[in-house]
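Quick notes on the structure that follows.
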Amino acid sequence: MKEGQPSLYEFMTPRQNLRYFGHLLGISNLKERVEEALELTGLQVQADKPVLQLSFGTKRRVGLALAYLKEAPVLLMDEASAGLDVRSVAEMRNTIRRYASLGRAVLLTGHEMGFLEAVCDCIAVLHAGRIVVEGRLAELVQRLGLQPYLEVWCEDQPAVGEVLSVEAGLFRTKVSLGQAGHLNWGSVRHLRLQQSPLERLLQEDVHVEG
């Protein structure tokens, strides 16, 4: 499913779209399968509204319902969360997880790291057309040292952490969460929690194969 809306008949409802494509595909027990697809994707409330009246995120979930109806063993989604509001992102995340729980593979490509971290079991990072990092996220966090940390700007050089640079007279320092209690907080002028492992993986340009 490419970024954007799936190809649906907008004057028809989600239920009608699913029935129409189900007939074309020759799916048996179509009525029951359509209801299962609507339930899986959380579309029961919107099932009988014209697609034209639905939000962008809801239309994308209708596309997921169609994939379920077709029993697609592998689902490819590009930028699954692109253009969605906060509520639609949560609904899309839950729908993808439910789809995968049925034993189906879902391959996601995207740039919104928080969404990918919340959905994916395994990740692969592409660089120059090659996979340079792959594996389960929790394992990569441990192996590559991507645990959350504080980035602090201090007037005086801290006794803990790693000084990254000196900017406008302030020491920009990387401090682990365990070291934070040893900071002189009276010297701290700004801080930021660096929490996303995938964002940090890309920012730090880590290229580790295997």
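Straightening the chain between L202 and H182 buys 4.3 nm, computed as 0.36 nm per residue apart minus the Cα-Cα spacing. Dimensions of region 109-176 along the principal axes, based on C-alpha atoms and rounded to the nearest Å, stand at 42, 23, 20, largest first. When each of the peptides 139-146, 126-133 is scored by the mean number of other C-beta atoms lying within 10 Å of its residues, the order from highest to lowest reads 139-146, 126-133. Here each label is just a point 7 Å from Cα along the line to Cβ, and for N94 and A82 those points are 2.6 nm apart.
Which translational diffusion coefficient, to the nearest whole µm²/s, is obtained for region 149-194 from the Stokes-Einstein equation, given a Kirkwood hydrodynamic radius over C-alpha pairs, 25 °C and 0.890 mPa s?
The diffusion coefficient I find is 244 µm²/s.
Projected over all directions and averaged, the alpha-carbon convex hull of the chain occupies 15.3 nm². How high is the FRET efficiency between E71 and E139 when r is their beta carbon distance and R₀ equals 25 Å, given to the nearest 0.05? Between E71 and E139 the formula returns 0.20. A crude spin-label estimate for the pair E35 and Q53, with each label 7 Å from Cα along the Cβ direction, gives 2.3 nm.
In the chain, the calculated helix contribution to ellipticity at 222 nm averages -10500 deg cm²/dmol per residue, counting -39,500 (n - 2.57) for every DSSP H run with n ≥ 4.
What are the semi-axes of the equivalent ellipsoid of region 61-184, taken as the square roots of 5 times the eigenvalues of the Cα gyration tensor, listed largest first and rounded to whole Å?
39, 16, 13
The relative contact order of the chain comes to 16 percent, based on Cα pairs under 8 Å that sit 6 or more residues apart. Average 1/r across all pairs of distinct alpha carbons in region 14-120, invert it, and you get the Kirkwood radius: 14.1 Å.
Throughout, read-outs are computed from the coordinates displayed, never taken from laboratory work. Everything quoted here is computed from the prediction, not taken from an experiment. No Cβ is skipped: glycine too gets one built from the backbone with ideal geometry, and neighbour counts run over all protein chains shown.
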